[in-house]
């Protein structure tokens with residue numbers, strides 16, 4: 001049943017923050033929930049880490065994690081709280097499903113992509129892999145190495161642009177190394193510019 005928010009209660013937001021690996025999606029998502037009490041940073045990779053022996057079944061575990069994420073988003077939005085999902089999405093399927101969750105719960109839907117140039121995106125991912133001790137970052141590097149390394153990362157970037165081309169309501173947030181504050185301000189500006197209606201339409 002569609003949730004009809006009271007005029008006195010802020011309408012929750014469902015924010016899908018797409019973008020290449022290593023360009024700051026997780027950083028901006030953490031920043032958002034720090035500034036918005038009870039908002040949920042719904043990191044699908046963290047959910048996948050909770051699935052038993054996921055590395056032996058990476059494809060199936062990834063799909064399960066996305067299913068769990070959508071169910072969690074639905075529950076959190078129904079409680080009246082924002083959800084932000086930082087995730088590389090090279091296909092539109094999950095975005096469409098998330099949009100449906102926003103529509104069903106009466107939340108506004110915000111589709112964003114965090115972008116740097118292809119060259120910079122590859123460089124930033126390589127630098128993160130070289131210096132990070134975060135297990136999620138190390139897992140991402142190992143998985144990429146198994147599937148083609150830098151060539152696959154470039155292909156992921158191209159798939160991302162192809163998805164954006166089919167989703168005209170997507171709002172682009174520029175991401176440059178060392179300019180987190182600027183990217184965060186732009187993200188917030190995008191959330192208030194051309195606010196979608198509660199049915200999820202831009």
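Here is a list: 102, 58. Which entry is in a helix (DSSP H, G or I) and surrounded by fewer than 17 Cβ atoms within 10 Å (Cβ to Cβ)?
58
Residue 24 is checked against (1) in contact (Cβ under 8 Å) with a residue 40 or more places away in the chain; (2) surrounded by fewer than 20 Cβ atoms within 10 Å (Cβ to Cβ); (3) under 15 Å from the mean Cα position of the chain (by Cα) and fails just one. What number does that condition carry?
(2)
Search segment 69-80 for residues that are at positive phi and pair each with any residue that is modelled with pLDDT of 95 or more and crowded, with 17+ Cβ neighbours inside 10 Å when their beta-carbon atoms are under 7 Å apart and the residues are at least 6 apart or on different chains.
80/12
Can you tell me which residues in segment 29-52 are assigned to a helix (DSSP H, G or I) and more than 10 Å from the chain's Cα centre (by Cα)?
Listed by number, the residues that qualify are 30, 31, 32, 33, 34, 35, 45, 46, 47, 48, 49.
Is it the case that residue 45 is farther than 23 Å from residue 160 by Cβ, surrounded by 16 or more Cβ atoms within 10 Å (Cβ to Cβ) and touching a residue at least 60 places away in the same chain (Cβ under 8 Å)?
No.
Scan segment 73-99 residue by residue and report those that are more than 30 Å from residue 176 (Cα to Cα) and surrounded by 17 or more Cβ atoms within 10 Å (Cβ to Cβ).
Within segment 73-99, 74, 76, 77, 80 qualify.
How about segment 105-145: which of its residues are at pLDDT 70 or above and in a loop (DSSP other than H, G, I, E, B)?
Correct list: 106, 107, 116, 117, 134.
The values are calculated or read from the model by the stated rules, or taken from the named source; none is laboratory data. Computed from a predicted model, the values in this text were never measured in an experiment. Every residue, glycine among them, receives a Cβ derived from its backbone with ideal geometry; neighbour counts consider all protein chains shown.
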